[in-house]
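Working notes, structure below.
No lab work stands behind these numbers, since they all come straight from the coordinates. Values in this document were obtained by computation on a predicted structure and should not be read as measured data. Note that we place each Cβ from the backbone using ideal geometry, even for glycine, and neighbour counts take in every protein chain shown.
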Amino acid sequence: MLYLGCHLSSSKGFAAMGRMALSIGANTFQFFTRNPRGGAAKEIVPADAAALVQMQDAGEIGRIVAHAPYTLNPCAKEEKTLEFARNTMKDDLRRMEYVPGNYYNFHPGSHVGQGMDEGIRKIAETLDVAMFDGQTTTVLLETMAGKGTEVGGRFCELRQIIDRVSRPDQLGVCLDTCHVNDAGYDIAGSLDAVLEEFDREIGLSRLRALHLNDSKNPSASHKDRHERLGEGYLGLEAFYRIIEHPALRGLPMILETPNELPGYEAEIALLREYDKAADANKL
Ligand SMILES: [Zn+2]
């Protein structure tokens, strides 16, 4: 099954996001758990969450991806910033239990001069405070472009975080195609080699979701500027190879391209058309 979706505004709640996803040909989606710049989250309405769970149980919508605010820095230097990261993640994970069994993705953060090892240590510590026994949400570390002092530009950095936490079973990785390209992995030219490296460093069983974004910049630029599919350095063929790859099949694939809804709808349609043609060719 091909699970395609895009980032949606969460202002109208879970059921509305589910309906919006279906209306543009998506069968998964991503949303911010609160204002992306941080701040208080709206309390969840149980009946609204239950309506989405029903759509998931009926097979209309696959697993969805919640995204933490991108200002959150789980390896910050200042205690106050760290405290904000811990409390936000803890609260987000508590709220995610209204829609059990989905994903919560976050940017590992920036070590801001403390060094990679200290950054990794602090991220694992923040996760240990925020995660709890019996949680049904899988927390995803996002692969980063390696901009500035960002942690997570190399697969081995994510592996070290996973090795350090006390609940590794509830941890996975979300691979962002723009970020890994910008970090220096040739995902457009050598998909198999990149996935083999991922498997060696982290293990493919940890790969639980993808962000499908083209990049405004060439590989190893360490920039992180998303582009529409086919309009950047990765090119459409790269995305066709990704959606057809047996190791990636079945994972939620989320568009975070610079688009409004009609643009997302068109990209999803393009990928589904290719997939249909590829299926027909296999017969
Ligand atoms: Zn992200």
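Determine, for His226, His179, the number of other Cβ atoms within 10 Å of each Cβ, and report the residues in order from fewest to most.
On the way: His226 21, His179 28.
Going from least to most buried by this count: His226, His179.
Would region 149-283 count as rounded, prolate or oblate if I go by the C-alpha gyration tensor, calling it rounded below 1.5 in a/c and otherwise prolate when a/b exceeds b/c, oblate otherwise? Walk me through the numbers before you get to the answer.
Values: a/c = 1.80, a/b = 1.39, b/c = 1.30.
Here region 149-283 falls in the prolate category.
Considering every pair of different Cα atoms, what Kirkwood radius, in Å, is found for region 218-283? Write down the numbers at each step before the final one.
Numbers: mean 1/r = 0.0759 Å⁻¹.
Answer for region 218-283: a Kirkwood hydrodynamic radius of 13.2 Å.
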How high is the relative contact order of the chain? Use alpha-carbon pairs under 8 Å, at least six apart in sequence, and give a whole percent. 17
Centre separation in Å (Cα based) which lies between region 26-43 and region 205-248: 23
The chain - Kirkwood radius from inverse mean 1/r over Cα pairs (Å): 18.9
Which order do Ile44, Ile243 fall in if you start with the one that has the fewest other Cβ atoms within 10 Å? Ile44, Ile243
The long-range amide H neighbours of Glu256, using H built 1.01 Å from N in the peptide plane and a cut-off of under 5 Å, are Leu212
Each residue of region 72-79 in turn: what ³J(HN,Hα) in whole Hz from Karplus with 6.51, -1.76, 1.60 and θ = phi - 60°, glycine and Pro shown as x? 5, 10, x, 10, 4, 7, 6, 4
As a test, work out the antiparallel percent of DSSP beta bridges whose residues both lie in the chain, rounded to the nearest 5. 10
Once the mean 1/r over all distinct Cα pairs of region 1-48 is inverted, what Kirkwood radius in angstroms do you read off? 11.6
In whole angstrom, and with the biggest value first, how far do the Cα coordinates of region 27-137 range along each principal axis? 48, 25, 24
Give the order of Met20, Met144, Met1 when sorted by the count of other beta carbons within 10 angstrom, beginning with the fewest. Met1, Met20, Met144
